[in-house]
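Here's the structure, in structure tokens; my notes come after.
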Amino acid sequence: MDEILTCSVKDLRTKICAGEVKSVDAVKACYKRIKEVEPKVKAFLKLNEEQALKHAAASDEKIRSGQKCGVLEGVPIAIKDNIMIKGESMTSASKYLENYVSPYDATVIERLKSAGAVFIGRTNMDEFAMGGSTETSAYQQTANPWDITKIPGGSSGGSAAAVSSAMAPFALGSDTGGSIRQPAGFTGIVGYKPSYGLISRYGVCALASSFDQIGSFSKNVYDTALLVSVIAGKDYRDPVCEPTEQTDYTEGFDNSGVFKKLKIGIPKELSNYSSDGEILKSFDNAVRNLQLEGAEIVEVSAPSYKYVPALYKVIMCAEVSANIATFDGIRYGYRSPNGISLNDEYAKSRGESLGYEVKKRILFGTYVLGAKNYHRCYHQAQRVRTLLINDLNKAFSECDFIFSPSTLQMPVKFGEELPEECDIFLIAANLGGFPGITVPCGFTKNRMPMGVHFMGKRFSDAKLFQAAHAFEKISGFDMSQYPKI
Amino acid sequence: MLKEELEITAFLARLEVKEEEKERYLKDLNKMFEFIEVLQEPDISQLKPTTHVTSLRNVWRDDIVKPCPKETIEQMLNAAPQKEETFYKVKKVIEAQ
Amino acid sequence: MSNYETVVGLEVHMQINTKSKVFCECSTEFGAEPNSNTCVICTSQPGAIPILNKKAVEAIIKTGLALNFTVNKQCTFARKQYFYPDVPKNYQITQSEPPLCSNGKLAIMLDGKEKVVNITRIHLEEDAGKLVHEIGSRKLDYSLLDLNRASIGLMELVTEPELSSPQEALEFLTELRTIVRYIGASECSMEEGKMRCDVNVSVRPVGQKELGTRVEIKNMNSISGVKDAIAYETERQIEVLSRGGKLVQETRLWEAEEGITKSMRSKEGALDYRYFPEPDLVPFNLPDSFIEELRAQVPELPRARRARFIKEYSLSEYDAEFLTSSKQIADYYEETLNASENKELSSKPIANWISTELNGKLNASGKEINESPVSSKNLAKLVTLILNGAISGKMAKTVFEEMYEKSADPETVIKEKGLVQISDETAIIKICEEAIAESPKAVAEFKAGKERAIGAIVGLVMKKSKGQANPQIVNKILIEKLKV
């Protein structure tokens, strides 16, 4: 495969900036690969080669004329289709937004633009990010590059598939309940969700406002840290976005013996769930490797892990029911021609353009917020959420990171259901606003990748990268391998 | 959940639920209601709800006008399913919806 | 009828006086081209997030402090969900429990007696857009949406059901408006929809504890309308009850032209606002220092100032009432007073000049007092000139005219017009002697005891002196001369 495609972002940006590799060639390489594998993978909802090449040429010209180049000058990146790019379509994989054109740039997009990154396409996802398989997309089914009969995971399945099959060096996604880390685990790449409030949510189509975070997919931890250095930090347009001193998240990566100073917590509750044998085996192996590196392994306990699926469903659906209400066919988006009154038009516009999963969640959310249900449902959930957070903070008083398999099951075939508890260790991070990162740790007998998940204390993201980076060196996972599609 | 409750909920959410779909919705929603039951079991009598995980407080901006660019306003209006002059055009609104 | 009493509670919405909207940076300017003051936030484009305007919070807390409220230092926002085209998110950002301010009171005067009305809460919320149903006289069979008003800051104030007559409601709203304007929290101009009011009316037999069936009259936009609507609704309810009918709890609309309220049917069980805490905006934890700073900014309120004016400047109830009716007028009055040489002597004349001459001219030219061409300094000079006899009250009116037209100072005007009063006795004696000589008839009548006859002679003197002779001196001299 073209070495541009196997090259890390870290090296690619240096080569482009040094003029050794042309941004235009990098973009062309991506599109060459896309033409080969995209027909089978279907990771992208929209491609714009012409525009990408134009921007790439501009970067090359900048470099040629000796201007200072941005941190990601000329580097191609794929963007999940729920993030706003001014003047580009943004569908969130929903029929409702089929013809919608974004009137503004998300904060992360503004920052990527000024860093010189080149957007090569918009990736597929579950409709409004509601799903864990990318199958609820109103437009297409994305395949897992390692086995195209299986799901890539979701909701950011398109970004995961694009990066894991080398169609893009890295990509942006959004993670509300594991939507980055679960597909990253399913496709054998690095997936990261920041601490809630580290990266501005301004311009990402809202799912559950109190969980949503923008995050990234890459083939190694350094590339993610590099990307985060560009997009993280205070933004007055997102009130929950916190001011942070840290600006360079790639610091301290060369330190050896990172684990000698670390306590790694293994959740006792892991054993309560039936999980794939091969996953457990590779996880035990990963734990052993950490031990060999001098990490202190401790068992931690958070009994309320068992409430995670219920907590997530109740709170997420409640917020969904409010956030999706704005899609009413009044100011933009789909308006049904069949409405006979205003209320009828509302119901039909939404009924005809939204998918079943979305409507089901809206109905559930509407119910749990109803005056007579609120206390028993939503309010109760928010209190149990406190219980979970207390449990996890107690666990964090005994360890630096909580370590688990990224998922408890392997990706299923299209149309098959994953068990509720499959990614509770990922979702716990969203419920508590904790940062989490999945790193590949090995392959199953039939060549499917598996991953592990590090979850850290709030705003320990930099430390999290160092640990994940150190782990990636000892994971034994060969990153130079690509799926044969 | 019963059919009537589904219909009321669907009206509140302004979602058309076709007669033939109701069965399926009821089946799936009633399954989801088990989640609510699960959440009744722990003792949380001493706990406050977590509405925000952030410790930030009093986040506000100064009273300064930054007008939206004209072309952006135009683009937004042109995205309207129907408009008249610079108004968004909608079905007749009867006082009490 | 007399054996029933009315119980009224008010929900007052006042548009907060800020340059930008409460949750976005669009202008709040009134009467702009439809949708020209909108952005990605107030039209609720995907991915948009509200950003709170600090000044709106301060305005509400100041109002709360002025009305003896408790400020809830820890509170947050909530989403109130209902589908309506003028609410782009299909939820309104507001506050449920607790609001920014709880348990305040406002005292009103009713024929000399004071009544204290308890106010439940003041909270911060965003306004909705405007729906247009007709263009001019042309009724439309569709509706048009203008979002310029959407997401402008509102303070909603809710009273206890303690008002017991249309007049009380009127007094309450008038006093509230004056106070809120004093604070500068809202312009409260009802014609611009910046003060709107929902009225809850019920009646009950005198002596009964529990409240009767409540009727809500929505979206009143004039204080007199509120008064009339309560009067009408009271009668209607009593009428229904006294013929053994039953009242339904409902929402009604005030039809100003017909002077009646009409029921507005709303779908049963359709209303469930599904409030929940707003996740996009972080909660408040207001430090005491912040609240104290605001307390320091609350100005002296109308009633206190009224009392002080009466006491300090020995003004009449009437004058004090007028002068304190707005902060600007009261400030102008005190500026003028401070600029004048003799406060005791000036306090009343200045009050008169402001309430009659100046006020008249301002009204005529549709100006506010802070736009007055006559500066407080110049008005002070004018009154001083009158007091030390430099010009007569009659001349002063002419001088004032000029001062207003040319926003000139009195001295210049007097010089230009040569309007100096003659107080030099010898000069006046001379004119008086001529006048006496020229009016034998009047002289005779006067000597015959008809005192009023002197008026004619005075008139002649003033005529000869082109009105410049000092009237007091003229009188004195004429009497001296005629009595001999």
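The values are calculated or read from the model by the stated rules, or taken from the named source; none is laboratory data. The model shown is predicted, which means the values in this text are computed figures rather than measured ones. Cβ placement follows ideal geometry from the backbone for every residue including glycine, while neighbour counts extend to all protein chains displayed. We work out accessible area using only protein heavy atoms, side chains counted, and drop any ligands, DNA or RNA first. Shrake-Rupley method; radii C 1.70, N 1.55, O 1.52, S 1.80 Å.
Arrange the residues C:241, B:2, B:12 by how much accessible surface each exposes, largest first, with a 1.4 angstrom probe.
Values: C:241 50, B:2 120, B:12 20 Å².
So the residues, ranked largest to smallest area, are B:2, C:241, B:12.
Would you mind checking A:10/A:463; B:27/B:92; C:19/C:73 for any pair whose Cα atoms are more than 29 angstrom apart?
B:27/B:92
My understanding is that a pair violates if its Cα-Cα distance is over 21 Å; which of C:430/C:466; A:413/B:18; A:15/A:234 do that in this structure?
Details: C:430/C:466 14 Å; A:413/B:18 30 Å; A:15/A:234 30 Å.
From the list (C:430/C:466; A:413/B:18; A:15/A:234), the Cα-Cα distance tops 21 Å for A:413/B:18; A:15/A:234.
R0 = 25 Å: FRET efficiency of residue C:456 with residue C:416, Cβ-based, nearest 0.05? Walk me through the intermediate numbers first.
On the way: r = 32 Å, r/R0 = 1.27.
Efficiency, from the Cβ-Cβ distance: 0.20.
So how much accessible surface do C and A hide from each other in total, probe 1.4 Å, in square angstrom to the nearest 100?
Separately minus together, C and A give about 2600 Å² buried.
Under the rule of -39500 (n - 2.57) per DSSP H run of 4 or more residues, summed and divided by the residues of chain C, what mean residue ellipticity at 222 nm is obtained, to the nearest 500 deg cm²/dmol?
On the way: 16 runs with 190 residues, N = 484.
It comes out at -12000 deg cm²/dmol, rounded to the nearest 500.
Within 10 Å, count the other beta carbons around each residue, average over each peptide in A:448-457, B:76-85, B:22-31, and list them highest first.
Top of the packing list down: A:448-457, B:76-85, B:22-31.
So which residues of the range A:202-218 lose at least 30 Å² of accessible area, probe 1.4 Å, when you go from the chain by itself to every protein chain present?
A:202, A:209
When Cβ neighbours within 10 Å are restricted to other protein chains, what is their mean count per residue of peptide A:342-353? Could the numbers behind the result be given before it?
Values: counts 12, 8, 3, 5, 11, 8, 3, 4, 6, 8, 1, 0.
Per residue, the number of nearby Cβ atoms from other chains is 6 on average.
Mean Kyte-Doolittle of at least -0.5 and a Cα length of 27 Å or more along the axis: which whole DSSP H helices of chain C meet both?
Values: long enough: C:223-242 (28 Å, -0.03).
Membrane-span-like by this rule: C:223-242.
Report the FRET efficiency, 1/(1 + (r/R0)^6), for residue B:28 and residue A:414, where r is their Cβ-Cβ distance and R0 is 22 Å, rounded to 0.05. Don't skip to the end; give the middle numbers.
On the way: r = 19 Å, r/R0 = 0.88.
The formula returns an efficiency of 0.70 here.
Can you give me the Cα centroid spacing of the range A:276-321 and the range C:404-418 in angstrom?
88
If you take the accessible area of B alone plus C alone and subtract the pair, what total do you get in square angstrom, rounded to 100, with a 1.4 Å probe? Each step should come with its number before you reach the end.
On the way: alone 10420 and 24730 Å², together 30970 Å².
Between B and C, the summed buried area is about 4200 Å².
Could you state the accessible area per residue of chain C in Å², with a 1.4 Å probe and every protein chain left in place?
Value for chain C: 44 Å² per residue.
Explain nothing, just the number: relative contact order of the range A:93-172, from Cα pairs under 8 Å at least 6 residues apart, as a whole percent. Please list the in-between numbers first.
On the way: 112 pairs, mean separation 20.5, N = 80.
That works out to 26 percent.
At what distance in angstrom do the alpha carbon centres of the range A:177-199 and the range B:1-69 lie from each other?
Centre-to-centre (Cα) distance: 24 Å.
Using a 1.4 Å probe on the protein heavy atoms, what percent of the accessible area of the range A:185-295 belongs to carbon and sulfur?
Working: 1770 of 3630 Å².
Of all accessible area on the range A:185-295, carbon and sulfur atoms account for 49 percent.
Tell me: how much accessible area in total is hidden between A and B, 1.4 Å probe, Å², nearest 100? The partial results should precede the final answer.
Values: alone 18700 and 10420 Å², together 23850 Å².
Roughly 5300 Å².
Give me the inter-chain shielding for A:121-129: mean count of other chain Cβ atoms within 10 Å, whole number please. If you can, show how the numbers build up before the last one.
Details: counts 0, 0, 0, 0, 0, 0, 0, 1, 0.
Mean shielding count: 0.
Keeping every protein chain present and rolling a 1.4 Å probe, give me the accessible area per residue for chain A in Å². Present the calculation step by step, with values, prior to reporting the outcome.
Numbers: 15070 Å² over 485 residues.
Using a 1.4 Å probe on heavy atoms only, each residue of chain A averages 31 Å².
How large a share of the accessible area of the range C:6-86, in percent, is made up of carbon and sulfur atoms when the probe is 1.4 Å and the other protein chains stay in place? List each step's numbers first, then the result.
Details: 860 of 2010 Å².
Result for the range C:6-86: 43 percent of the exposed heavy-atom area is carbon or sulfur.
Hey, can you rank A:268-280, A:388-400 by average C-beta count inside 10 Å, highest first? Could you put the intermediate results ahead of the total?
Values: A:268-280: 15.4, A:388-400: 18.2.
The packing order, highest mean first, is A:388-400, A:268-280.
Quick one: pull the percent of accessible area on the range C:356-472 belonging to carbon and sulfur, 1.4 Å probe, ligands and nucleic acids left out.
Values: 3580 of 6350 Å².
The value for the range C:356-472 is 56 percent carbon and sulfur by accessible area.
Tell me the label-point distance for the pair residue A:272, residue C:209, using the 7 Å Cα-to-Cβ offset, in nm and rounded to one decimal.
Result for the modelled spin labels: 5.1 nm.
Give me a single rounded figure for A:432-438: the average over its residues of other chain Cβ atoms within 10 Å of their Cβ. Kindly include the intermediate steps, with their values, before the conclusion.
Working: counts 2, 5, 1, 0, 0, 0, 0.
Mean shielding count: 1.
Order the peptides A:255-265, C:108-118 from the highest to the lowest mean number of other Cβ atoms within 10 Å of their residues.
On the way: A:255-265: 16.2, C:108-118: 11.9.
Descending packing order for the listed peptides: A:255-265, C:108-118.
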